[in-house]
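Just below is one structure, and these are the notes that go with it.
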Amino acid sequence: MHPNPTFRTQPDAQNLAFARTESFGMLAVSTPEAPLLSHVPFLLSDDGTYAELHLVRSNPIARALTAPAQARLAVQGPEGYISPDWYGVDDQVPTWNYVAVHLTGQLERRPAEDLPGMLDRLSEHFEQQLAPKPIWKMSKVSDEALSKMLRQIVAFRLNIEDVNGTWKLGQNKPDSARIGAAEALADSPIGTDQTALSLLMKAPPES
């Protein structure tokens, strides 16, 4: 996360709304050897105080977490390389613009009886975005197959204590330079979802 406060002015509500929309991130837990990382879908609570997720039992985080521990969920948005030539002003250097939100707090294992309801809520969150396709429901899985699957995964909850977001969109550049870079970025092959990033750069969210 970039430390420049110019890029970190968005309120918690906006950062949480971004995380809720993405609902996929990198979960990180520290260990004496090295950080453990896992890429996971998640469901953010309505009030933004916790995120629900699950891991396969063989996942290193699931194995290591014998008691609640500090963890961080990093949610990545659009990102892309910015060439200094795109600004149209002198004495610039290459950089990378991006949107990212970090949710930090206590990660705890949840009881097995929480798992079916959490899976229902998680699948419904994504399925309802596919309308008019009928919503897929867990009831479509046979009891035998569902029982086998539930034995293989573990429910977790991240109780969120801190929210940090970086929206690095060229806010530290003159408007004409920032917009020029945004227009060039839209045709760049370097990055992820450059069109969305370009639109954000042209009109950065107000704090």
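The values are calculated or read from the model by the stated rules, or taken from the named source; none is laboratory data. This structure is a prediction, so every number in the text was calculated from the model and none was measured. Note that we place each Cβ from the backbone using ideal geometry, even for glycine, and neighbour counts take in every protein chain shown. Note: accessible area is taken over every heavy atom of the protein model, side chains too, but ligands, DNA and RNA are not part of it. Shrake-Rupley method; radii C 1.70, N 1.55, O 1.52, S 1.80 Å.
Within the range 123-149, residues that are over 17 Å from Glu22 (Cα atoms) and of a type in the set (D, E, K, R) have Cβ atoms under 9 Å from residues that are assigned to a helix (DSSP H, G or I) and open to solvent by less than 50 Å² (accessible area, probe 1.4 Å) in these pairs: Lys133/Glu127; Lys137/Ser123; Lys137/Glu127, counting only partners at least 6 apart in sequence or on another chain. Restrict the check to the range 18-38 and report whether at least one residue is touching a helix residue (DSSP H, G or I) at 6+ places or on another chain (Cβ under 6 Å), within 30 Å of Lys173 (Cβ to Cβ) and free of Cβ contacts under 8 Å to residues at least 60 places away in the same chain. Within the range 18-38, none of the residues are touching a helix residue (DSSP H, G or I) at 6+ places or on another chain (Cβ under 6 Å), within 30 Å of Lys173 (Cβ to Cβ) and free of Cβ contacts under 8 Å to residues at least 60 places away in the same chain.
Per the conditions (1) of a type in the set (Asp, Glu); (2) within 18 Å of Asn159 (Cα to Cα); (3) at pLDDT 95 or above; (4) surrounded by fewer than 13 Cβ atoms within 10 Å (Cβ to Cβ), the sole criterion not satisfied by Glu52 is (4).
Looking across the range 44-75 at every residue that is assigned to a strand (DSSP E or B) and free of Cβ contacts under 8 Å to residues at least 60 places away in the same chain, the one that is farthest from Asn97 (Cα to Cα) is identified as Ala69. Can you tell me which residues in the range 146-165 are open to solvent by less than 50 Å² (accessible area, probe 1.4 Å) and either aliphatic (A, V, I, L, M) or in contact with a Gly (Cβ under 8 Å, 6 or more places away or on another chain) (or both)? Of everything in the range 146-165, those that are open to solvent by less than 50 Å² (accessible area, probe 1.4 Å) and either aliphatic (A, V, I, L, M) or in contact with a Gly (Cβ under 8 Å, 6 or more places away or on another chain) (or both) turn out to be Leu146, Leu150, Ile153, Val154, Ala155, Leu158, Asn159, Ile160, Val163.
If we scan the range 191-198, do we find a residue that is of a type outside the set (Val, Ile, Thr), closer than 30 Å to Ala64 by Cα, touching a Pro at 6+ places or on another chain (Cβ under 9 Å) and modelled with pLDDT of 95 or more? Talk me through it step by step, then tell me what you get.
Step one: of the range 191-198, the residues of a type outside the set (Val, Ile, Thr) are 191, 193-194, 196-198.
Pick out the ones that are also closer than 30 Å to Ala64 by Cα and you get none.
No, every residue in the range 191-198 fails to be of a type outside the set (Val, Ile, Thr), closer than 30 Å to Ala64 by Cα, touching a Pro at 6+ places or on another chain (Cβ under 9 Å) and modelled with pLDDT of 95 or more.
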